[in-house]
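What follows is one structure encoded as structure tokens, with my remarks underneath.
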Amino acid sequence: MSATTQTPALPAVREQLALRRRADRWVQRLITLAAVVAISLIALIFMFVGRESLPVFFSEEIHKEVTLNTLFLPQNYGIPEAPLPYVWQPVSEVPKYSLMPLLLGTLKVTLVAMAFAAPLGILAAIFSTEFAPRWLRESIKPVIELLAGIPSVVLGFFALIVLASIIQDQFQFDFRLNAINAGIALGLAVVPIIFTISEDALSSVPRSYRNASAALGATPWQTAWRVVLPAALPGIFAGLVLGFGRAVGETMIVLMASGNAAITSWNFTESVRTLSASVAAELAEVVFGSAHYHVLFFIGTLLFVITFILNWIGTVTVARLRRRLAGADR
Amino acid sequence: MKSRKVVLTVALLPAVALAAAAQQRNVTIKGSDTMVILGQKWAEVFMQKNSGITVQVTGGGSGTGIAALINGTTDVAESSRPMRDAEKDQVKSRRGKDVLELPVAVDGLAVYVHESNPISELNLQQLKAIYTGVAKNWKDVGGNDERIILYSRENSSGTYAYFKEHVLENADYYPTAQTLPGTAAVINAVAKDRRGIGYGGIAYGKGIKHLKVKKDANSPAVDPTMENVLQAKYPISRYLYWYLAGAPAGDLKTLADWVVSKDGQKVVENVGYYPLNEKDRAASAALLGGAKARAKAGS
């Protein structure tokens, strides 16, 4: 029967169908436009931020004050008042733009955050998928995701007033606001991300693995630790990468809780100054077009690129994981 | 017909609202965090007397205010440091007008330490040594054997710039100096840290100890009180400025004239800063008055 492939004979019906097809095509165009706008906005933001940082690479005028060398390599300023090789002090007679204290500060705070959040998030996910009864599991997930909804300024405030005092009473560090304080608060912001993705990864491991393990005589903990966790490792790794990316870009918590001192050292009990906090604190004051302005945009581009790469790795790994386990679950 | 009338009215409402907003007279003041409470108090008292004018005051640091003046997003830039020549040139090139520098109050920069600190006075060279990292321990300046913890301001702050220029003599702050967003934050931090030292405007000084400052090892130690600041005995005192683009007109002129008048200066005293002395007040009023008044004042 060819009735399904031919338009019916009645002209009114044929006209209606043609109209519907045209409307359909217009809606498709509208939706495509929405997608194009969303993607191009992100591309345009990157281009704007990148364009404002280009003078750091190419402009003669800016090179009098700062070059890629001065940003990353140790400097000898030749004056007795400036004895240290890595200094971030842009407002000065001789402006100093070394990014090393900022990069080191960001790294220190992120490492503390991951050291705090990764075990908590992964173990909580294991509990949720392997040991918790169903009713508990279904309430844990939304509650931890509530933690993700806490505004970062509230976490920063908590770290500044409460957490810093607690840590100070316990340990008596020289600096009340330090990398550990900011790192723990940052970890609180990162735990929900790691938990959610690890929980997804762990629950995607097929039932058959657990059943086989139990059949061989393993206890629930042995199954969880030696069978399920290794199987879910790619997904958990993706969660860690995404959490790392979030920690690198987080601004408000570190601005309030880290002390903002641009110290270049591996001592975690000292204050730190992160890339994001520097931009937040200083961008309001810079005069448009100055070297300081372009260096801040350079930092912005750096942050954009780092988090973009991290997010890309994380998303690709999660996609691969889902494909593999969906295929394996036969 | 009826629905069309409704649609027309609703469509015209935003236009009316827009027109009303355009009629509202606004004066924008941005800048120094040291001066923001003073600016807000001035705005409050002024708006009570002149109900048609709205004055908006924001902080952000002297650098922020000056950048806003250059970019044209504010009428007045409050600043706790003098504007640099390069910045004045930028206003001239960006907005086509000369900067009007108006001293509006006087402030002493206080140095704070925790109440339990045995030290009660320091001279300027010792302050420089402390903040540039040459003196790292309190016993180097005659106190206990403990590390000195430095508290400073962000580099957008006029207080930061003033302290760097006049006390550090343009040397760099030591990198361990923690940067805080305002004088109140510095005071809070020093109040919690018995090894801490910080600096900031006098008006906010409550809950910690002010140090007496000596110009050098042989000078007398001076307390940051009003008489000492007004008589220029206290070594670290400064003018607080309003910067305008060109001579003010209209509402802005009314506001500026009031601020340098005796009523406006009374507000300064109430907030806790120090008012201009009579000579400086007359000079500021003359600046605002224009060429004729300037000729009359002979300045």
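Since every read-out is calculated from the coordinates, none of them should be taken as a lab result. Values in this document were obtained by computation on a predicted structure and should not be read as measured data. Ideal geometry is used to build each Cβ from the backbone, glycine not excepted, and the neighbour counts take in all protein chains shown.
Listed by Cβ neighbour count within 10 Å, with the fewest neighbours leading, A:Ser139, B:Ser156 appear as A:Ser139, B:Ser156.
From least to most packed, judged by other beta carbons within 10 angstrom and beginning with the fewest, A:Arg137, A:Arg246 follow the order A:Arg137, A:Arg246. Taking the centroid of alpha carbons for each part, region B:135-178 and region B:254-276 are 32 Å apart. Subtracting the Cα-Cα distance of A:Ile150 and A:Trp312 from their residue separation scaled by 0.36 nm leaves 55.8 nm.
Relative contact order for chain B: 23 percent, from Cα pairs under 8 Å spaced at least 6 residues apart, divided by residue count.
Think of chain B as having a plus end and a minus end, set by charges on the Cβ of Lys, Arg, Asp and Glu; of B:Ser157, B:Ala283, B:Thr179, B:Ala283 sits farthest toward the positive end of this dipole.
Quick note on chain B: its Rg to Rh ratio, both from C-alpha atoms and Rh being the Kirkwood radius, is 1.08. Distance cut-off 22 Å, Cα to Cα: go down the list B:Lys92/B:Lys279; B:Lys212/B:Lys233; B:Lys136/B:Lys164; B:Lys136/B:Lys214; A:Lys64/A:Lys96 and report the pairs above it. Over 22 Å apart, Cα to Cα: B:Lys92/B:Lys279.
Expressed as a whole number of Å, what is the distance separating the alpha-carbon centroids of region A:59-75 and region B:62-121? Cα centroid to Cα centroid, the span is 28 Å. What the Cβ-Cβ distance of B:Ile119 and A:Leu41 gives, at R0 = 56 Å and to the nearest 0.05, is a FRET efficiency of 0.50. Its relative contact order, with pairs defined as Cα atoms under 8 Å and 6+ residues apart, puts region B:170-277 at 18 percent.
Shape analysis of chain A based on the Cα gyration tensor places the equivalent ellipsoid semi-axes at 45, 34, 17 Å, largest first.
Once the Cα-Cα distance is subtracted from the 0.36 nm per residue extended length, the A:Arg14 to A:Arg226 segment shows a gain of 69.9 nm.
For the segment A:91-99, counting C-beta atoms of other chains within 10 Å of every residue's C-beta and taking the mean gives 3. Site pair A:Phe127 and B:Lys262 shows an inter-label distance of 7.2 nm when each label is modelled 7 Å from Cα along Cα→Cβ.
Grab the DSSP H runs of chain B that are 4 residues or longer, score each as -39,500 (n - 2.57), total them, divide by all residues and round the 222 nm result to the nearest 500 deg cm²/dmol. Computed mean residue ellipticity for chain B: -13000 deg cm²/dmol.
Listed by Cβ neighbour count within 10 Å, with the fewest neighbours leading, A:Thr110, A:Thr32, B:Thr176 appear as A:Thr32, B:Thr176, A:Thr110.
Suppose we look only past 30 Å in the calculated P(r) of the protein assembly as shown. What percent of the Cα-Cα pairs does that tail hold? I get 65 percent for the Cα pairs in the protein assembly as shown exceeding 30 Å.
Once you divide the Cα radius of gyration of region A:173-237 by 2.2 N^0.38 Å, the number left is 1.61. Comparing Cα centroids, region A:137-214 and region A:241-311 end up 21 angstrom apart. Note on region B:62-199: Cα Rg divided by 2.2 N^0.38 Å, N the number of residues, gives 1.21. Note on B:Asp89 and B:Ala217: the model spin-label points, each 7 Å out from Cα along the C-beta direction, lie 4.2 nm apart. Extent of region A:2-51 along its three principal axes (Cα atoms, max minus min coordinate, largest first): 60, 20, 10 Å.
Entry note, chain A: relative contact order of 23 percent, from Cα contacts under 8 Å with a spacing of 6+ residues.
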